[in-house]
Amino acid sequence: MKNKKLFLLILVALTTLSYGYTRSQDSAKRKQPAKFQHTPYAEKACKRCHASEIPNGKDLVTEVPGLCHNCHEKFLGDFAHSPTSLGECLLCHNAHESEHRSLLSEKEPELCYLCHDQLERKMTNEQNSTHSPAVDGCSVCHNPHTSDVSSKLLKKQVRLLCTECHLEEGITLPVAIDAVGYQHKPVVTERSCLHCHAPHATFFENHLRAEPLDLCFNCHNKEIITSDGVSLANIEELLKSNKIHHGPIKEKNCSGCHSPHGSDFYRILLDEYPKDFYTDIYDENNYKLCFTCHESTLLQDRETTTLTNFRDGHINLHYLHVNKPEKGRTCRACHEVHASNHFNHIRDSVPFGKIKWPLQLKYREQYTDINSGKPCTPSNSSCIKSGGSCVACHDRKFYNNIKEE
Ligand code: HEC
Ligand code: HEC
Ligand code: HEC
Ligand code: HEC
Ligand code: HEC
Ligand code: HEC
Ligand code: HEC
Ligand code: HEC
Ligand code: HEC
Ligand code: HEC
Ligand code: HEC
Ligand code: HEC
């Protein structure tokens, strides 16, 4: 505490000194009035502030800040900015005139950097990318005097503050936060955008506070019970215990499938994906999410020898399981979308029914020696993958995708 006071005193002394210096220089070369004039000064109402006939700095009718509050209301917000509550109006303002708007003694952000040098270092660190409104100034977002909203002297609640600009043309958010069908909870809490974004400068792309994946794991490193009582898996743990990661996850790109700001699709996905275990009518459009990156043709024809490897000879088992007029099994019946321990992201088990009974697949890969046509272990080069088998919903059923018919 003592240190903080001392620190402030030194800063105040230094700034006053340099302020005095620039001002006397200004007076010396002053021929024309500065760009911005304080109204009572311009109106030559010297007596409103000075007691003597020939005004000087030591004859004020009231000490600052009392002098200023003769005409300007006191700043009474719940959270006060230290120099303002200490009455140091003249640290930031000139009493008579200034080249800067609001009679500022220095333009922003330099004015603020006089004391907030730590932030200045962050903003000028070349490794960081800076948020343009913070390059241009500070009081677009902050009130330099007081705030009713936050101890960080914000002008508005975070979400309002940020979306005011970001719902404009050109720098829009991909989604209108309030209008989406599925909101991502952190976005609509008080800290909102600040959970994930830094307002001034950061090392990471998109002004994120951390690598996207680490960012998500700040919260998804545990099971989360949603507001409607559903439990969401601990994704960090899931990725740790399942070594084979899906393509986009290998690239640390959760946003390849999810919109962190909320979306109109189940689980804040970027596109359609069925919510339920079964679908009652097959429509390619229900799986648009998967088909932004994969060929939808894997489900297209009842018979094929090319479109998919999930086939028994020419019988397309993707088609057989999924492409059905009723009770079509969704991809989740067999695939784990984030990570699994099996080839092709086949899952160990899938939650089934209301009680989420872990229905086991007991998937096994099948290998065949191309020379002998006999089952083999995949250690020599003539041994290739030829199919697999599951128990799951039926007795163990095998498929062989290299057999000739
Ligand atoms: C709104 C209040 C206000 C008005 C109006 C005002 N002054 Fe001042 N003036 C001040 C304050 C406050 C200081 C002291 C600044 C400081 O201590 O750094 C000051 C300082 C001065 C000084 C000494 C420092 C310097 O800038 O050279 C002179 C001379 C002065 N005023 C002249 C005038 C004259 C002449 C007028 C009328 C044309 C006038 N002032 C109008 C508030 C005012
Ligand atoms: C005699 C009355 C009076 C006193 C005393 C006075 N002001 Fe003002 N001030 C005004 C008026 C009038 C305006 C113009 C108001 C407007 O445009 O709404 C003004 C405007 C301002 C502005 C805004 C300027 C702009 O360009 O937007 C600032 C900043 C300001 N005053 C600071 C101060 C400070 C700091 C003090 C104390 C050193 C002070 N005033 C003392 C009357 C006064
Ligand atoms: C830390 C710097 C700082 C201090 C200290 C400070 N101001 Fe300001 N003031 C500003 C800035 C920056 C603006 C412009 C705000 C904006 O553009 O939103 C401003 C604007 C103003 C305005 C005009 C607009 C408004 O918000 O009403 C007045 C009047 C004013 N200040 C008076 C004062 C008085 C009186 C004090 C001392 C009690 C004071 N200021 C202390 C930085 C400061
Ligand atoms: C004369 C020194 C000084 C100047 C100039 C100054 N500040 Fe401050 N500011 C402080 C001090 C001291 C604190 C309290 C720091 C703390 O709590 O650790 C503070 C706190 C803040 C806070 C709250 C931060 C927190 O950690 O809670 C914000 C936001 C802020 N200032 C913004 C500004 C802006 C914007 C400007 C320029 C318009 C500015 N400051 C100019 C001294 C200054
Ligand atoms: C786009 C809006 C925005 C702009 C522009 C902005 N800030 Fe901030 N600032 C914030 C928000 C939001 C927070 C709260 C951050 C948090 O709570 O994690 C904050 C926090 C702060 C803090 C306290 C925490 C810290 O990071 O030290 C200071 C000091 C501060 N700002 C000063 C400034 C200064 C000085 C400028 C101008 C160079 C500036 N801000 C420009 C939005 C902004
Ligand atoms: C005064 C207008 C304004 C405000 C307020 C504002 N921004 Fe920005 N923001 C911009 C502009 C302009 C850009 C584009 C230039 C840039 O990247 O700095 C931008 C860029 C961004 C980007 C990066 C976009 C990209 O395509 O790389 C993010 C993320 C962002 N802002 C988040 C925020 C958050 C969070 C807040 C609230 C704390 C906020 N913004 C408040 C104007 C604003
Ligand atoms: C849960 C974390 C999280 C929250 C909360 C969050 N964002 Fe983002 N935001 C991200 C991620 C991750 C990206 C980059 C990935 C992407 O493209 O969607 C991003 C990207 C952005 C972009 C750049 C978008 C583009 O496509 O160029 C803007 C602008 C942005 N966010 C603004 C905001 C605003 C404003 C808020 C608060 C209303 C907010 N964000 C809340 C995580 C978040
Ligand atoms: C600040 C904490 C936090 C961060 C950071 C965070 N989340 Fe969340 N997320 C939550 C909470 C809390 C829920 C549960 C929401 C509810 O109650 O409905 C959730 C829910 C979700 C859901 C399920 C949504 C639904 O509608 O069921 C997905 C998917 C998700 N988050 C993905 C992400 C991704 C991807 C990231 C990183 C870009 C991320 N989250 C970052 C807190 C967070
Ligand atoms: C390839 C697309 C894809 C990627 C990449 C992806 N997800 Fe998902 N995620 C989904 C789908 C699809 C669901 C819905 C699964 C279901 O209900 O069967 C989901 C569900 C979730 C859920 C809810 C889990 C539950 O138990 O219901 C969370 C939380 C989540 N994802 C977070 C993340 C995070 C964090 C990342 C990045 C590490 C990520 N996702 C990457 C597609 C993806
Ligand atoms: C953002 C792009 C993207 C989306 C969306 C996506 N995937 Fe993938 N997926 C990939 C990439 C890239 C690979 C290849 C990974 C590799 O080679 O390591 C892959 C691999 C797979 C594999 C393993 C087979 C192979 O070709 O390697 C399966 C199975 C799979 N995805 C299923 C799905 C399902 C089901 C969905 C929808 C829920 C989905 N994917 C959505 C990008 C995506
Ligand atoms: C009944 C289980 C099951 C269902 C349901 C299922 N798959 Fe598969 N899928 C598999 C198996 C088994 C393989 C591995 C085939 C092999 O041996 O190469 C596979 C392979 C894949 C591949 C790799 C390329 C290929 O076709 O061989 C992709 C991509 C894929 N599935 C996507 C999907 C998508 C998207 C859905 C939902 C629309 C889906 N799967 C539904 C079992 C299933
Ligand atoms: C959700 C239940 C379910 C799961 C999980 C499931 N199947 Fe099936 N499977 C069926 C049903 C039902 C049939 C009968 C065919 C039909 O629907 O007409 C079938 C048929 C088959 C057939 C026989 C096709 C024929 O010609 O008779 C094979 C082979 C097969 N499944 C393999 C698999 C493999 C491999 C897996 C694991 C990756 C798997 N199944 C997972 C429900 C399932």
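The values are calculated or read from the model by the stated rules, or taken from the named source; none is laboratory data. Just so you know, these numbers come straight off a predicted model, no measurement behind them. When we count neighbours, we look across all protein chains shown, and the Cβ atoms used for this are built from the backbone with ideal geometry, even at glycine.
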(request) Could you grab me the full set of residues in segment 284-318 that are surrounded by fewer than 15 Cβ atoms within 10 Å (Cβ to Cβ) and either charged (D, E, K, R) or under 16 Å from residue 335 (Cα atoms) (or both)? (result) 284, 293, 294, 295, 296, 302, 303
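Conditions (1) surrounded by 16 or more Cβ atoms within 10 Å (Cβ to Cβ); (2) farther than 26 Å from residue 339 by Cα, marked per residue:
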residue	(1), (2)
184	yes, no
194	yes, yes
222	no, no
226	no, no
236	yes, no
241	no, no
247	no, no
(message) If the requirement is being modelled with pLDDT of 95 or more, out of contact with any Lys or Arg (no Cβ under 7 Å at 6 or more places or on another chain) and within 16 Å of ligand 12 (Cβ to nearest atom), which of these qualifies: 244, 224, 235?
(response) 244
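Residues checked against (1) hydrophobic (A, V, I, L, M, F, W, C); (2) under 13 Å from residue 95 (Cβ atoms); (3) at pLDDT 95 or above:
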site: 17; (1), (2), (3): yes, no, no
site: 23; (1), (2), (3): no, yes, no
site: 29; (1), (2), (3): no, no, no
site: 34; (1), (2), (3): yes, yes, no
site: 46; (1), (2), (3): yes, yes, yes
site: 49; (1), (2), (3): yes, yes, yes
site: 56; (1), (2), (3): no, yes, no
site: 60; (1), (2), (3): yes, yes, yes
site: 70; (1), (2), (3): no, yes, yes
(request) Working carefully through the options 60, 103, 76, find the one that is at positive phi, of a type in the set (A, V, I, L, M, F, W, C) and not assigned by TED's automatic domain parsing to the domain that holds residue 198. (result) 103
(request) Residues being farther than 19 Å from residue 248 by Cβ and among the β-branched types (Val, Ile, Thr): count how many of those fall in segment 266-301. (result) 3
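Within segment 259-282, how many residues turn out to be within 16 Å of ligand 6 (Cβ to nearest atom) and without any contact (Cβ under 8 Å) to a residue 60 or more places away in the chain?
Matching residues across segment 259-282 total 0.
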(request) Working only within segment 114-136, note down all residues that are in contact with a helix residue (DSSP H, G or I) (Cβ under 8 Å, 6 or more places away or on another chain) and closer than 28 Å to residue 211 by Cα. (result) 119, 120, 123, 128, 129, 130, 131, 133, 134, 135
